[in-house]
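Take a look at the structure set out below.
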Amino acid sequence: MAADIVLFHMHLIPGPPVDVPRAPGQLWVWLADESPYHVMMVSSDRNLSHFNGFFNWSMTYRMDSSVPTPYGRTVALPKEKYVEALEDFYKLKTKNISLMGSNCGGSNGRYTYLAELQKYIEIDVYGGCGPLKCEGHFYTNCDKLDDYKFYLAFENSNCDDYVTEKVWWNALNKSAVPVVMGAPKHNYQKLLPPNSFIHVDDFKGPEHLAQHLQYLLDHPAEYQKYHYWRRRYRVLNEHGFFQSPVYHMCRLCEALNYNDKTDQRADLEHFFDSNEHCYAVKKSD
């Protein structure tokens, strides 16, 4: 008996599936959880036009995918679980600003921005790109980040809807305020709880951002406002980081039962083109 769906992970396939047998009526699904700049790791052919016409559905972090699988979700609390007495997160946190990473590059110049930001405010940098260590942070939770008021969630690419575990796990799940660089601001507003983050694009440059962060560190009541959303919402990490649940297959089964199953074929060349869905770095004034 043939499978109803065959899932192709674009990180792992060697090229267009021209020689893969396909049963009649079988749905082929194209999975990607990295940005267009990093979607294919082993394929010798990275021309997406050569992948057109093979796949019925896309399955990515993008919310316009056939099967959207974002890194996390914002969920409204039922009324009986509303939180009226919110914790004082300023007092709960003993340290100020952190960042963790081992890929010290990125198409958006995030570490150049970080270096400039560090001229104006102190930042603790963990991993291969800084002096502080949190061993095994790819595979286990880094408890050291729990102590910080802010987390710099700087993605490696500024692309539509590309909001990763840096925001969902390292910041929001740890009750830190994410300072984000990556997708356009309206993408974060769509995905994250209201008034829960600070976007670098709202500032003239690193010095201006540092001034705002210092203001919040000096004014606990203003800092606390970035946590007001916790009274009415919670966030879910959905990508399986650090032994949290993975919902990909659940989303795929939901789609199999409810999505339109007409024999459409995805145009990956345009759907996942970095020129159409990724953006240049905003220049500082």
Applying the selection to the stretch 106-143, what residues are surrounded by fewer than 18 Cβ atoms within 10 Å (Cβ to Cβ) and either basic (Lys, Arg) or closer than 18 Å to Ser244 by Cβ (or both)? Lys119, Lys133, Cys134, Gly136, Phe138, Tyr139, Thr140, Asp143
Considering only residues that are more than 18 Å from the chain's Cα centre (by Cα), over 14 Å from Ala32 (Cα atoms) and part of a loop (DSSP other than H, G, I, E, B), which ones fall in the stretch 266-279? Asp267
If Asp201 meets every condition in (1) free of Cβ contacts under 8 Å to residues at least 60 places away in the same chain; (2) in a helix (DSSP H, G or I); (3) more than 15 Å from the chain's Cα centre (by Cα); (4) closer than 18 Å to Ala153 by Cα apart from one, which number is that one? (1)
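Which residue is surrounded by the fewest Cβ atoms within 10 Å (Cβ to Cβ), if the candidates are limited to the stretch 246-265 and must be in a loop (DSSP other than H, G, I, E, B) and under 26 Å from the mean Cα position of the chain (by Cα)? First the steps, then the outcome.
At the first step, the residues of the stretch 246-265 found to be in a loop (DSSP other than H, G, I, E, B) are 247, 259-265.
Remaining after also requiring under 26 Å from the mean Cα position of the chain (by Cα): 247, 259.
Numbers: Tyr247: 18, Asn259: 14.
Selected residue: Asn259.
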Just one of (1) in contact with a His (Cβ under 7 Å, 6 or more places away or on another chain); (2) modelled with pLDDT of 95 or more; (3) over 25 Å from Phe241 (Cβ atoms); (4) hydrophobic (A, V, I, L, M, F, W, C) trips up Phe89, so point out which. (3)
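Within the stretch 177-192, is there a residue that is assigned to a helix (DSSP H, G or I), farther than 23 Å from Thr94 by Cβ and in contact with a helix residue (DSSP H, G or I) (Cβ under 7 Å, 6 or more places away or on another chain)?
Of the stretch 177-192, the ones assigned to a helix (DSSP H, G or I) are 185-191.
Filter again for farther than 23 Å from Thr94 by Cβ, leaving 185-191.
Checking which are in contact with a helix residue (DSSP H, G or I) (Cβ under 7 Å, 6 or more places away or on another chain) leaves us with 185.
Yes: one or more hits.
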Among the residues of the stretch 48-68, is any in contact with a Cys (Cβ under 9 Å, 6 or more places away or on another chain) and either at pLDDT below 90 or aromatic (Phe, Trp, Tyr) (or both)? no
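Quick grid of which residues meet (1) of a type in the set (A, V, I, L, M, F, W, C); (2) closer than 19 Å to Ser102 by Cα:
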| position | (1), (2) |
| --- | --- |
| Ile123 | yes, yes |
| Phe154 | yes, yes |
| Cys159 | yes, no |
| Lys174 | no, no |
| Lys185 | no, no |
| Pro193 | no, no |
| Phe203 | yes, no |
| Pro206 | no, no |
| Glu222 | no, no |
Would it be correct to say that Ser274 is surrounded by 14 or more Cβ atoms within 10 Å (Cβ to Cβ), farther than 21 Å from Arg73 by Cα and in contact (Cβ under 8 Å) with a residue 40 or more places away in the chain? yes
Could you go through the stretch 222-241 and let me know if any residue there is modelled with pLDDT under 90, over 22 Å from Gly109 (Cβ atoms) and out of contact with any strand residue (DSSP E or B) (no Cβ under 7 Å at 6 or more places or on another chain). yes
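Somewhere in the stretch 231-238, is a residue among the basic types (Lys, Arg), touching a residue at least 24 places away in the same chain (Cβ under 8 Å) and outside any loop (DSSP other than H, G, I, E, B)?
Taking the stretch 231-238 and keeping what is among the basic types (Lys, Arg), we get 231-232, 234.
Narrowing further to those that are touching a residue at least 24 places away in the same chain (Cβ under 8 Å): 231-232, 234.
Filter again for outside any loop (DSSP other than H, G, I, E, B), leaving 231, 234.
The answer is yes; a qualifying residue exists.
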Only one of (1) under 26 Å from Tyr61 (Cα atoms); (2) surrounded by 13 or more Cβ atoms within 10 Å (Cβ to Cβ) does not apply to Lys95, and that is (1)
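Any idea which of Arg73, Arg62 is in a loop (DSSP other than H, G, I, E, B), among the basic types (Lys, Arg), touching a residue at least 60 places away in the same chain (Cβ under 8 Å) and under 28 Å from Lys174 (Cα atoms)? Before you say what the answer is, go through the steps one by one.
Details: Arg73 fails: in a loop (DSSP other than H, G, I, E, B).
Result: Arg62 is the single residue among Arg73, Arg62 that is in a loop (DSSP other than H, G, I, E, B), among the basic types (Lys, Arg), touching a residue at least 60 places away in the same chain (Cβ under 8 Å) and under 28 Å from Lys174 (Cα atoms).
The values are calculated or read from the model by the stated rules, or taken from the named source; none is laboratory data. Source: prediction; values computed, not measured. Here Cβ is always computed from backbone atoms with ideal geometry, including for glycine, and neighbour counts include all displayed protein chains.
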